[in-house]
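What follows is calculated from the coordinates using simple rules that are stated; it is not laboratory data. Keep in mind that what you see is a predicted model, and the values were worked out from it rather than measured. So basically every Cβ, Gly included, is an ideal-geometry build from the backbone, and we count neighbours across all protein chains shown.
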Amino acid sequence: MSGYERPVAAAGGLRLHLNENTAGCSPTVLEAIASLGAEDMAFYPEYAEVVRETAEYLGVDPEWLALTNGLDEGLLAATVAAVRPIVEAGGGRQPEIVVPLPAFDMYAVCARACGAALVEVPPRPDLRFQADALIGAITPATRVVFITSPNNPTGIRIRLEDVDRVAEAVPEGSLVVVDEAYHDFCGDTALPLVRTRQNVVVGRTFAKAHGLAALRAGCLIGQPATLEGIRLVVPPYSLNVCAAAGLRAAIADRARLTWYVDQVERSRDLVYAFCTRIGLTFWESGANFVLVRIGSRSAAVAGALAERGIFVRDRSRDAGCEGCIRITTGIVEHTTRCLAALEEILCAEA
Ligand SMILES: *Cc1c(COP(=O)(O)O)cnc(C)c1O
């Protein structure tokens with residue numbers, strides 16, 4: 001059994017392998033943390049302000065928001081909350097977690113953590129989201145369906161009507177978790193569905209666009225009654241005081257976010273133009289990365305980039321992603337460096 005894969009990168013390299021914010025967080029985040037005092041460290045944190053400000057930022061009422069220690073914790077909490085009633089009822093069929101492939105590793109980790117069966121829906125060759133195949137994998141034992149929009153590792157955006165059809169198809173008491181870790185890079189959201197459907201929960205993280213991956217701050221958005229069961233799973237002081245203070249500062253600095261999202265858009269366009277010129281297949285992305293098909297030498301190419309201190313992710317082991325690398329598209333100067341090195345490597349090969 002493999003766990004959550006944690007790729008290593010040498011210190012000082014260009015990290016384009018984990019979809020992190022390559023510009024770092026807003027300087028205001030550091031100021032907010034530096035301004036905390038000895039008692040702030042000693043006392044259990046208060047969340048009233050960070051919850052109110054984050055809810056306002058997201059455009060929801062505070063009762064519709066659960067802050068979590070990174071979105072990863074939210075995904076796990078939602079899974080446990082959906083599986084628990086089955087365990088409590090005793091007997092019956094093993095709970096199932098349904099995941100369309102290719103998918104973020106964490107969903108398999110969540111399924112395993114609570115003894116549920118992982119039901120994986122194989123991808124089409126073009127990796128497009130296929131609502132019908134996903135709906136076909138739903139059974140009376142389904143407890144959670146994970147949908148990632150935009151998808152990781154493909155960057156493919158998923159239509160709201162497809163999410164709605166899946167939400168219509170799941171059995172009562174189960175959840176459709178729409179993981180919107182990359183929402184900021186395209187603006188797509190299933191929040192309108194959350195308002196009408198009690199079984200839809202949206203996940204967001206401040207790790208990617210806001211650059212707080214190491215601080216750990218994420219959240220779930222759902223109807224208050226749905227979140228009630230999930231709140232029972234999240235420990236009461238899940239966000240540490242630095243994460244709470246950093247999150248408040250990060251969401252207040254909207255100019256920084258706008259600037260970074262613009263850098264990402266330009267970087268994606270650079271990758272598309274590069275691929276078109278070189279003749280490489282790529283997937284148009286709604287996220288801060290682009291999946292590029294290199295071919296059978298993808299691992300060697302990723303290795304050659306790593307030798308130059310540029311880390312990208314070979315995704316060949318993901319279903320449907322054979323021969324593909326995923327390149328984080330952060331600040332333009334980093335993308336340009338990566339593409340120049342990639343061109344050298346590919347030309348040397350040819
Ligand atoms: C990065 C990522 C997350 C994890 O977010 P954290 O807040 O760092 O836990 C969740 N889902 C997807 C699809 C991601 O890519």
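At a glance:
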{"item": "Prolate/oblate/rounded label for the chain (Cα gyration tensor, a/c 1.5)", "result": "oblate"}
{"item": "Kirkwood Rh and Cα Rg combined as Rg/Rh, segment 162-311", "result": "1.04"}
{"item": "Mean-position separation - Cα centroids, segment 241-313 and segment 110-140, in angstrom", "result": "26"}
{"item": "Over the chain, relative contact order from alpha-carbon pairs under 8 Å, at least 6 apart, %", "result": "24"}
{"item": "Efficiency of FRET from Cβ geometry, residue 105 and residue 231, R₀ 35 Å, rounded to 0.05", "result": "0.90"}
{"item": "Beta bridges by DSSP in the chain, antiparallel share as percent, to the nearest 5", "result": "45"}
{"item": "In nm, spacing of pseudo-spin labels at residue 52 and residue 89 (7 Å Cα→C-beta vector)", "result": "4.1"}
{"item": "Residue among 232, 279, 316 farthest towards the positive dipole end of segment 229-350, charges placed on Cβ", "result": "232"}
{"item": "Global form of segment 240-324, assessed from the alpha-carbon gyration tensor, a/c cut-off 1.5", "result": "prolate"}
{"item": "Residue-wise HN-Hα coupling along segment 146-152, computed from phi with Karplus coefficients 6.51, -1.76, 1.60 (Hz; x: Gly, Pro)", "result": "9, 10, 10, 9, x, 5, 10"}
{"item": "Magnitude of the charge dipole, segment 282-339, Cβ model with Lys/Arg +1 and Asp/Glu -1, debye to 20", "result": "100"}
{"item": "Rg [Å, one decimal], Dmax [Å, integer] - segment 1-153, C-alpha atoms", "result": "19.5, 56"}
{"item": "Unmatched cysteines, the chain - criterion: no other Cβ of a Cys under 4.7 angstrom", "result": "25, 110, 114, 186, 219, 242, 275, 338, 347"}
{"item": "For segment 175-314, with +1 on Lys and Arg beta carbons and -1 on Asp and Glu, the positive-most of 261, 213, 175 along the dipole", "result": "213"}
{"item": "Dipole in debye (nearest 20) - the chain, about Cα centre, beta carbon charges: Lys, Arg +1; Asp, Glu -1", "result": "640"}
{"item": "Size of charge dipole - segment 79-178 - debye, nearest 20, with Cβ of Lys, Arg +1 and Asp, Glu -1, no other charges", "result": "160"}
{"item": "Options 55, 68, 94, ranked by Cα towards positive dipole end of segment 1-111, top entry (Cβ charges)", "result": "94"}
{"item": "Inter-label distance, nm, simple model (7 Å from Cα along the C-beta direction), residue 42/residue 284", "result": "5.8"}
{"item": "Prolate/oblate/rounded label for segment 293-350 (Cα gyration tensor, a/c 1.5)", "result": "oblate"}
